[in-house]
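The structure appears right after this line, and notes come after that.
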Amino acid sequence: MPEQPPPITVVGIGAEGWSGLAPDSRAALLDAEVILGAPRQLDLLSRPEVTAERVAWPSPLRPAVPGLLAAHAGRRIAVLASGDPMFYGIGRTLAETVGPERLRVLPHPSSVSHACARIGWPLEATEVVSLVGRPLDTLALALHPGRRLLVLSADATTPAAVAALLTARGYGTARLRVLEKLGHAHERQLDGRADDWPHPPGDPLNLIAVELGDGPRGSLVPGLPDASYESDGQLTKRHVRAATLAVLAPSPGELLWDVGGGSGSIAVEWLRAHRDCQAVSIERDPVRAERIARNAATLGVPRLRVVTGPAPAALAELPTPDAVFIGGGLTAPGLLDSCWSALRPGGRLVANTVTLESEALLTEWYRRHGGELVKLAVAHAVPVGGFTGWRQAMPVTQWSAVKPNTPQENAS
């Protein structure tokens, strides 16, 4: 039986450095032959008794991890991490690279735990948003009147950028407290309003506590107002959109293909359902593709991937979807076949149309594969002279089906 490699010890460390480490963490660092970490973390170990070789992480970090671990294979490796390694830390990357069974993780209180202790917020009732390696617009999804947020900063410029975003989004009265070097002897707090943020950039090691006051009220469920989107008219309207997302049934970690993205509303609201949802919007028109990206950023999901190109050709290199929505181009040769073939077993396909030609195609697919074929009709009350009447929107035919887990013969 081959000898198992020594475990990789992941040591959480705070801004206070060596003095704040628990005995087990100190012992692991003293025993290590090589210590990997950010330069700032390695500088905290400027002690003669720590004799291990010190190796700074390069940038970008994640692609370099397998090579660095391989270069030091067989040695006793320790890795430094800020606070709790498994909370937005290097611990996740290492677990995904070598497997959790290879790790020995020694956590330290996270910056979030320190922050809640300082300002008296219950940790379980406080939402955390990380802007480390993520676009600033990610924060927009968490903005709701009266909420409390802890924002993990990317660097010293993040507090001012957060203040500017809050002001632009209608939350200028929000209170911001920047907590720098939490746990260090020179820890400090900066306080101010978003629309009158007075402080220049300070220490890059900071976290922002945000208390949102009055501001625009958003919704957590599908069916945002149509005015939420920038559009040239190619938009799945609010009530049909809500019904469509209900059938698509987003679940954490699942991937959606939004084919014929238009304004991107289906993909955007899929992503808003959960932070672990993933989506690709495929749109052949470059102008619309750019508009989709803007809508995604405005509505707090800048992680939406937008692919510009015609379907089905643009689908060829995409990862396997858990759900597919087709909102346009149904009559393109091979489109439905390509989407159905690409869909994983047990995945959902939903297609909407307003034309008779595409309706005939969906009827045929309903005959062959079953599922559900429905007609969605919405009417709005409008003035009729001095009275009120109904104005009927174009009815939408929707076919939805779950792909069988085993091959199924087409109906004759």
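The values are calculated or read from the model by the stated rules, or taken from the named source; none is laboratory data. Computed from a predicted structure; not experimentally measured. Glycine gets a Cβ as well: all are built from the backbone with ideal geometry, and neighbour counts include every protein chain shown. Surface areas here come from the heavy atoms of the whole protein model, side chains and all, with no ligands, DNA or RNA. Shrake-Rupley method; radii C 1.70, N 1.55, O 1.52, S 1.80 Å.
Among the residues of the range 224-251, write down those that are free of Cβ contacts under 8 Å to residues at least 24 places away in the same chain and either loosely packed, with under 14 Cβ neighbours inside 10 Å or out of contact with any Gly (no Cβ under 7 Å at 6 or more places or on another chain) (or both).
Pro225, Asp226, Ala227, Gly233, listed by residue number.
For a quick check of your reading of the model, give me the residue pairs whose first member lies in the range 379-404 and is among the hydroxyl-bearing types (Ser, Thr, Tyr), whose second is in a strand (DSSP E or B), with beta-carbon atoms closer than 6 Å and at least 6 apart or on different chains.
Pairs that qualify, where the first residue is among the hydroxyl-bearing types (Ser, Thr, Tyr) and the partner is in a strand (DSSP E or B), are Thr388/Ala381; Thr397/Thr353; Thr397/Lys375; Ser400/Val350; Ser400/Glu372.
If you take the residues in the range 175-202 that are among the basic types (Lys, Arg) and within 16 Å of Val151 (Cα to Cα), which one is most open to solvent (accessible area, probe 1.4 Å)?
Arg193
Of the residues that make up the range 138-151, is at least one over 17 Å from Glu211 (Cβ atoms) and assigned to a loop (DSSP other than H, G, I, E, B)?
no
Every residue, every condition in (1) in contact with a helix residue (DSSP H, G or I) (Cβ under 7 Å, 6 or more places away or on another chain); (2) under 28 Å from Pro60 (Cβ atoms); (3) modelled with pLDDT under 95; (4) assigned to a loop (DSSP other than H, G, I, E, B), yes or no:
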residue	(1), (2), (3), (4)
Pro2	no, no, yes, yes
Val11	yes, yes, no, no
Asp24	no, no, no, no
Leu36	yes, yes, no, no
Gln41	no, yes, yes, no
Leu45	yes, yes, yes, yes
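Report every pair of residues separated by at least 6 positions or lying on different chains whose Cβ atoms are under 6 Å apart, first residue within the range 104-126 and at negative phi, second part of a loop (DSSP other than H, G, I, E, B) and not small (Gly, Ala, Ser).
Matching pairs, first to second residue: Arg104/Pro7; Val105/Pro85; Pro107/Asp84; Ser110/Asp84; Ser110/Phe87; Ser111/Leu182; His114/Leu182.
Regarding the range 116-135, can at least one residue be identified that is over 30 Å from Thr298 (Cα atoms), open to solvent by 60 Å² or more (accessible area, probe 1.4 Å) and part of a helix (DSSP H, G or I)?
Looking through the range 116-135, at least one residue is over 30 Å from Thr298 (Cα atoms), open to solvent by 60 Å² or more (accessible area, probe 1.4 Å) and part of a helix (DSSP H, G or I).
Please determine, by comparing only the residues of the range 47-65 that are part of a loop (DSSP other than H, G, I, E, B), under 25 Å from Leu152 (Cβ atoms) and without any contact (Cβ under 8 Å) to a residue 12 or more places away in the chain, which one is least open to solvent (accessible area, probe 1.4 Å).
Ranking the qualifying residues of the range 47-65, first place goes to Pro58.
Mind checking which residues of the range 339-378 are exposed (fewer than 12 other Cβ atoms within 10 Å of the Cβ) and touching a Phe, Trp or Tyr at 6+ places or on another chain (Cβ under 7 Å)?
none
Can you list residue pairs whose Cβ atoms sit under 8 Å apart, with the first residue in the range 346-364 being farther than 11 Å from Trp399 by Cα and the second being among the aliphatic types (A, V, I, L, M)? Count only pairs 6 or more apart in sequence or on different chains.
From residues that are farther than 11 Å from Trp399 by Cα, the pairs are Gly346/Val402; Gly347/Ala323; Gly347/Val324; Gly347/Val402; Val354/Met394; Val354/Val396.
Does the range 277-284 include one or more residues that are at pLDDT 95 or above and surrounded by fewer than 18 Cβ atoms within 10 Å (Cβ to Cβ)?
The answer is no, given that none of the residues of the range 277-284 is at pLDDT 95 or above and surrounded by fewer than 18 Cβ atoms within 10 Å (Cβ to Cβ).
Kindly evaluate Leu68 against the criterion of being open to solvent by 20 Å² or more (accessible area, probe 1.4 Å) and of a type outside the set (D, E, K, R).
Yes; evaluated as a whole, the condition is true for this residue.
Being within 20 Å of Ile208 (Cα to Cα), surrounded by 15 or more Cβ atoms within 10 Å (Cβ to Cβ) and out of contact with any Lys or Arg (no Cβ under 6 Å at 6 or more places or on another chain): is that true of Val98 here?
no
Could you please tell me which pairs satisfy a Cβ distance under 6 Å, a separation of 6+ or placement on different chains, a first residue in the range 324-338 that is surrounded by fewer than 21 Cβ atoms within 10 Å (Cβ to Cβ) and at pLDDT 95 or above, and a second residue that is part of a loop (DSSP other than H, G, I, E, B) and acidic (Asp, Glu)?
none
Give the residues of the range 5-46 that are of a type in the set (Asp, Glu) and without any contact (Cβ under 8 Å) to a residue 24 or more places away in the chain, sorted by residue number.
Across the range 5-46, the qualifying residue is only Asp43.
Go through the residues of the range 252-260 one by one and say whether even a single one is small (Gly, Ala, Ser), surrounded by fewer than 22 Cβ atoms within 10 Å (Cβ to Cβ), under 16 Å from the mean Cα position of the chain (by Cα) and within 26 Å of Val402 (Cα to Cα).
yes
Within the bounds of the range 153-174, is there any residue that is in contact (Cβ under 8 Å) with a residue 60 or more places away in the chain and open to solvent by less than 60 Å² (accessible area, probe 1.4 Å)?
Checked the range 153-174: no residue is in contact (Cβ under 8 Å) with a residue 60 or more places away in the chain and open to solvent by less than 60 Å² (accessible area, probe 1.4 Å).
Kindly check whether there is at least one residue in the range 381-403 that is of a type in the set (S, T, N, Q), closer than 21 Å to Gly329 by Cα and either in a helix (DSSP H, G or I) or open to solvent by 60 Å² or more (accessible area, probe 1.4 Å) (or both).
no
How many residues, within the range 1-36, are of a type in the set (D, E, K, R) and under 13 Å from Arg76 (Cβ atoms)?
2
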